[in-house]
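> Let me give you the structure first, and then I'll get to my questions.
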Amino acid sequence: MPETRKAILADAEAIAEQRVRMFVDDGVAGYDNLAQMRANFIDWVRPRLEDGSYIGWLVEEDSRLIAGAGLWEMEWPPHFMDENPRRAYLLNFYVAPEARRRGLARMLLGLAVAEAKSRGIKVVTLHASKLGRLVYEQGGFNASTEMMLRP
């Protein structure tokens, strides 16, 4: 039976490894140096785990890490959707291939949304991978008008 727990600072490396596996499994190109991406993410996530702006959940089964997810609470300018200058961004949703189709991503999504609500956050955003899009749509997320430029 899988057990879910909140991530601690010592989990930074495991979270980064899941992040790399998330991109690899989704077939995202353009990451020639996965080790550097992993190291950069560890440097990014550690202070956020320490200050509580990043909340992670890890799912373990038989002493193996099989899934995880994160919520980053970030400052955001007051907006027509919410006057509160905070927003939750969901990231690092990953389920190992052998553990997929068991409802773990849906369960993690529920924990993340509940955490956002408990913090009084009214807007939750994310970028959906090909593998995760259906889970988010079933969880009530809608596509937005966001655009991107990578100069």
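> Can you tell me which residue is surrounded by the fewest Cβ atoms within 10 Å (Cβ to Cβ) among those in the range 11-32 that are charged (D, E, K, R) and farther than 20 Å from residue 133 by Cβ?
By that ranking, first place goes to 32.
> Please find, among 88, 10, 39, 35, the residue that is under 16 Å from the mean Cα position of the chain (by Cα) and not acidic (Asp, Glu).
Numbers: 10 fails: under 16 Å from the mean Cα position of the chain (by Cα); 39 fails: under 16 Å from the mean Cα position of the chain (by Cα); 35 fails: under 16 Å from the mean Cα position of the chain (by Cα).
One residue alone meets the criteria, 88.
> If you don't mind, another one. Looking at the range 113-137, I want the residues that are at pLDDT below 90 and have a partner that is among the hydroxyl-bearing types (Ser, Thr, Tyr) with Cβ atoms under 8 Å, at least 6 apart or on another chain. Which pairs are those?
Qualifying pairs under 8 Å: 128/136.
> Restrict the check to the range 94-104 and report whether at least one residue is crowded, with 17+ Cβ neighbours inside 10 Å, assigned to a helix (DSSP H, G or I) and among the aromatic types (Phe, Trp, Tyr).
No: zero hits.
> Can you tell me which residue is farthest from residue 8 (Cα to Cα) among those in the range 64-81 that are surrounded by 15 or more Cβ atoms within 10 Å (Cβ to Cβ) and not aliphatic (A, V, I, L, M)?
Checked the range 64-81; the qualifying residue farthest from residue 8 (Cα to Cα) is 76.
> If residue 35 passes every condition in (1) of a type in the set (A, V, I, L, M); (2) surrounded by 11 or more Cβ atoms within 10 Å (Cβ to Cβ); (3) assigned to a helix (DSSP H, G or I) but one, which one does it miss?
(2)
The values are calculated or read from the model by the stated rules, or taken from the named source; none is laboratory data. Worth saying up front: this structure is predicted, and the values here are computed from it rather than measured. We place every Cβ from the backbone using ideal geometry, glycine too, and count neighbours over all the protein chains shown.
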